[in-house]
Ligand SMILES: Nc1ncnc2c1ncn2[C@@H]1O[C@H](COP(=O)(O)OP(=O)(O)OP(=O)(O)O)[C@@H](O)[C@H]1O
Ligand SMILES: [Mg+2]
């Protein structure tokens, strides 16, 4: 689903992503974790055609990122880290507009949006303004934006930040169900390592723009003699820091 | 096609949700029409038939020239990114907005013409309709460039910069007083601004002479302007937003 080699992006002097290799197979749920500023969002924005890589090659959802970005866009969904709707816009209307961007008719869009809202426990939200929703409700609306067209590959950038435990568990169930029923591939970032442990088949750890660890949660824990992913994370990213300081 | 219709409808609905904004976009040109027009009409240098076309071009500059401001919020709140990740053509994303702006302008321009008739405009209906068409096309180019500028320059600078740039463009177009009164240097400078040709073409149309060379030039310059506006606008929509 994703085949990436040497993906690189710098912003002026800042090298945000430095030669990342990623392979994700169909139907996998992959967690992408790393400290603040590690390059997660930048990587996701490159893979979703929003940002042009400075170097590297990438095939995403069967289409070349560089030569066929429109092909990529047709098959992916993306939920960005920071909101998707203006504060004074009506949630249902925004969702229906987004659905129509994927070619749904007015009736199909209406039907799809109302079903998705109820699946995400947001029945009430449809007629409200985005600004009048709670933080967690907003986040679920953002997630709905990425699910409208049932993409083959879904990118979620910190989907569960700001969600209460109940909503988080609901979202996990939802993601698992999408994989079981639709064979959807999911690539998500998170700062909650117990979430990565519970939800993801495989975890990639990024630090300073480089992949510094990868494997199933069990493999990672075994390799570092750790009992939780938190410990693995601290060892792996802490060591990187020390190396950086020594260099 | 679905996407374009959906986008245009969506933007139109939100634009007309705020009646205030529709009126406010036209308020400056309306002041000129109501508070300056009567002076001009009695001064002997112009009539309502030459002044209303000028007010229409001024309206285009003020109303469509500033539309870019709206996209700054869409960019800030992630709406633009959300749309850019869909397979919809970048040109369509631009066109949806611009068509909304054209409709807005047409409504405002229609109001200006009606008020103009109230004051003493005598232009033939056919000329007025052709004039409205020309000004609507012009507004498409202006709106595209406005979005391109808004996505390119610093958002906090955009309103100040554009509302300042609009003034010399408006004065140089001869919208207020005909450029035939201008000293040579001013006349020459004004020939480098596209809006002069639109103003002259509009005046000719309002005077009932449809086949004049002024109309031809006005139409050609306006079409060229729209083409440039759309190309630049689409380029900017294609570009990544960092
Ligand atoms: N548009 C931009 N312009 C300049 N620098 C940027 C831009 N976007 C990101 N960066 C820089 O690139 C680096 C990586 O940022 P990125 O947003 O990818 O981190 P992240 O892993 O998503 O962090 P977080 O967990 O805080 O969301 C940071 O140093 C950031 O300052
Ligand atoms: Mg991030």
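Each reported figure results from applying straightforward, stated rules to the coordinates on display, with no laboratory input. On a predicted model such as this, the values are computed, not experimentally measured, just so you know. Here the Cβ is made from the backbone with ideal geometry for all residues, glycine too, and neighbour counts use every protein chain on show.
See the values below:
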{"read-out": "Helix-derived mean residue ellipticity, 222 nm - over the protein assembly as shown, DSSP H n ≥ 4, -39500 (n - 2.57), to 500", "value": "-18500 deg cm²/dmol"}
{"read-out": "Convex hull of segment B:2-240 built on C-alpha atoms - directionally averaged projected area, nm²", "value": "13.1"}
{"read-out": "Cβ-derived FRET efficiency at R0 30 Å, residue B:117 paired with residue B:213, nearest 0.05", "value": "0.60"}
{"read-out": "Footprinting exposure proxy for B:203, A:202 (fewest neighbouring C-beta atoms within 10 Å first)", "value": "A:202, B:203"}
{"read-out": "The protein assembly as shown - Rg and Dmax from Cα coordinates, angstrom", "value": "27.4, 94"}
{"read-out": "Cα-based helix-to-principal-axis angle, A:106-119 vs chain A, degrees rounded to 10", "value": "60"}
{"read-out": "For segment A:44-100 versus segment A:143-172, the gap between their alpha-carbon centres in whole angstrom", "value": "15"}
{"read-out": "With Cα atoms, 0 to 90° folded angle of helix B:158-172 axis to chain B main axis", "value": "30"}
{"read-out": "Estimated inter-spin distance, residue B:43 and residue B:21, nm [label 7 Å along Cα→Cβ]", "value": "3.5"}
{"read-out": "Fully extended contour minus Cα-Cα distance, from residue A:226 to residue A:176, at 0.36 nm per residue", "value": "15.4 nm"}
{"read-out": "Over segment B:30-86: Rg over Rh, Cα atoms, Kirkwood Rh", "value": "1.35"}
{"read-out": "Label zone at residue B:12, where the point sits 7 Å out along the Cα-to-Cβ direction: segment B:22-60 residues whose backbone N lies under 16 Å", "value": "B:22"}
{"read-out": "Length-normalised contact order for chain A - Cα pairs under 8 Å, 6+ apart - percent", "value": "25"}
{"read-out": "Computed E for residue A:26/residue A:107 - FRET, C-beta separation, R0 35 angstrom, nearest 0.05", "value": "0.65"}
{"read-out": "Exposure proxy order (Cβ contacts within 10 Å, fewest to most) of A:201, A:207, B:101, A:173", "value": "A:173, A:201, A:207, B:101"}
{"read-out": "Exercise: per-residue mean of other protein chain Cβ atoms within 10 Å, A:67-79", "value": "2"}
{"read-out": "Bins of 5 Å from zero: percent of alpha-carbon pairs in chain A", "value": "1, 6, 13, 17, 19, 17, 12, 8, 4, 2, 1, 0, 0"}
{"read-out": "Whole-number percent relative contact order across segment B:2-240, with pairs defined as alpha carbons under 8 Å at least 6 apart", "value": "28"}
{"read-out": "Mean-position separation - Cα centroids, segment B:165-224 and segment B:44-60, in angstrom", "value": "11"}
{"read-out": "Simple spin-label estimate for residue B:75 and residue B:154 in nanometres, 7 Å along Cα-Cβ", "value": "1.3"}
{"read-out": "Degrees separating the helix B:2-17 axis from the principal Cα axis of chain B, which is the longest one", "value": "60"}
{"read-out": "Mean separation of Cα contacts under 8 Å (6+ apart) over length of segment B:127-205, as relative contact order %", "value": "38"}
{"read-out": "Cβ-derived FRET efficiency at R0 30 Å, residue A:70 paired with residue A:132, nearest 0.05", "value": "0.30"}
{"read-out": "Per-residue Cβ neighbour rank within 10 angstrom, fewest leading, A:128, A:138, A:40", "value": "A:128, A:138, A:40"}
{"read-out": "Prolate/oblate/rounded call for segment A:79-177, Cα gyration tensor, a/c under 1.5 rounded", "value": "oblate"}
{"read-out": "Fraction of the pair-distance distribution of segment A:165-206 above 15 Å, Cα-Cα pairs, percent", "value": "41"}
